[in-house]
């Protein structure tokens, strides 16, 4: 058999080593040792890790790369970020949003991201963000999967036109229903918004991804309502609670009731480690809360968890570089996931788990999957997280669409001084 692309001597995230991967017609058609066949292109992975693409299940592409426009977030708080975004929305154009988003998509792909779920604010009667990101979704479709969530940033009830705008956005092609119950005017309105939005999704056969309890308030408990409505409406497996930071402040007795309800409803959970470790706990002195939901406890209960990046250089977060390994690394540290098994799981949280949240089909490095992969300069998932491994090659539909030169800055793991000569370097020397 002749392949379009053949990767030789690859390690896989599941622990397989020295595997060859044959691709034809955009699909993986062989994963085995010792393939001897012709191929239009052969890549010697050299014992490095070949992973499915990174998946970012929570992002705000309509705001990305807007840092400093019209001003900076001085307090660094979530609420000032929302206020600043409210100042930016009226003055930005559709073309400006498209330009920024396309720049970010190029960066994301070079960093090995193959799929992004982006929330898009619909609390703008012109729906400029929706128009822009629908255009971007079409432009990047050949090299990046982009899902859009209709997100009422100012509250679906709090904002006077949000309900109408959300329906318009869904009719235009936005495919997921979003919400922000903790930003409604009252707890009662927040709970009512969860019911309304879940019923809307059930009626239209859509998924739900709700900003839920992104707060330090232990009484912000809208995820309880989200779990209830998910079960009541038969939406199990199609609903995601994003952020869930109030859980870090809840008492343990209440959480012992809440987590089983979430598991029963088959909710997905998306912590956003980089952003919430920065935004949360701003009113604390010491001790300060960590700003991340209860990842180990949710995981122990069998809840599917994917880490999201949330923001890059926007009103809420002035850093970021489209690197899901940065996200995994921060999530690992904040949740103290220090065992070898836990650290490897953090790699799953930015690949397989997040792909499940997005409902991606044909995802993985297995026979019969789409030939979408990343060659990382690391021998296994833990080393990839530790080194924020260079993405040596990004592959889409069996073709290399991005390459990065190997890095030799962090390879002296046995205490040897100086630098490594690339010409003499082999992966087995990495320790």
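Worth pointing out:
- Residues within the reach of a label modelled at residue 138 (point 7 angstrom out along Cα to beta-carbon, backbone nitrogen below 17 Å), restricted to segment 160-180, are 169-175.
- Pairwise FRET efficiency - residue 405 versus residue 38, Cβ, R0 = 35 Å, nearest 0.05: 0.80
- Taken over segment 123-171, the percentage of Cα pairs per 5 Å bin, counting from 0 up to the bin with the maximum distance, is 5, 22, 29, 20, 13, 8, 4, 1.
- Separation of segment 338-405 from segment 67-128 is 26 Å, based on Cα centroids.
- Ranked by the mean number of other Cβ atoms within 10 Å per residue, highest first, peptides 60-67, 216-223 order as 60-67, 216-223.
- Nearest-ten-degree value, helix 94-110 long axis tilted from longest Cα axis of the chain: 40
- Calculated log₁₀ intensity ratio I(q)/I(0) where the Debye formula runs over C-alpha points of segment 210-267, q = 0.22, 0.23 Å⁻¹: -0.79, -0.85
- Binning the C-alpha pair distances of segment 80-225 at 10 Å intervals from 0 yields a P(r) profile of 12, 39, 35, 14, 1 %, listed from the shortest bin outward.
- Projected-area average for segment 179-241 over all orientations - Cα convex hull basis, square nanometres: 3.7
- Secondary structure note: in the chain, about 40% of the DSSP beta bridges are antiparallel.
- Within a Gaussian network of the chain (alpha carbon springs, distance under 10 Å), most fluctuating of 228, 317, 253: 253
- In plain terms, the C-alpha convex hull of segment 1-125 casts an average shadow of 11.1 nm² when viewed from every direction.
- Note on segment 54-358: Cα convex hull, mean projected area over all directions, 14.2 nm².
- With the highest mean first, a sort of the peptides 181-194, 234-247 on other beta-carbon atoms found within 10 angstrom per residue produces 234-247, 181-194.
- Packing-based order for 10-22, 144-156, 34-46, using average beta carbon neighbours within 10 Å, highest first: 144-156, 10-22, 34-46
- Using just its DSSP H runs of length 4 or more, each adding -39500 (n - 2.57), the chain gives a mean residue ellipticity at 222 nm of -10000 deg cm²/dmol after division by all residues.
- Kirkwood hydrodynamic radius computed over segment 165-304 comes to 15.2 Å, based on all pairs of distinct alpha carbons.
Computed from the coordinates by the stated procedures, all read-outs in this text should not be read as laboratory data. Note that the coordinates shown come from a computational prediction; the quantities given were computed from them, not determined experimentally. Cβ coordinates were reconstructed from backbone atoms using ideal geometry, including for glycine residues, and neighbour counts include every protein chain displayed.
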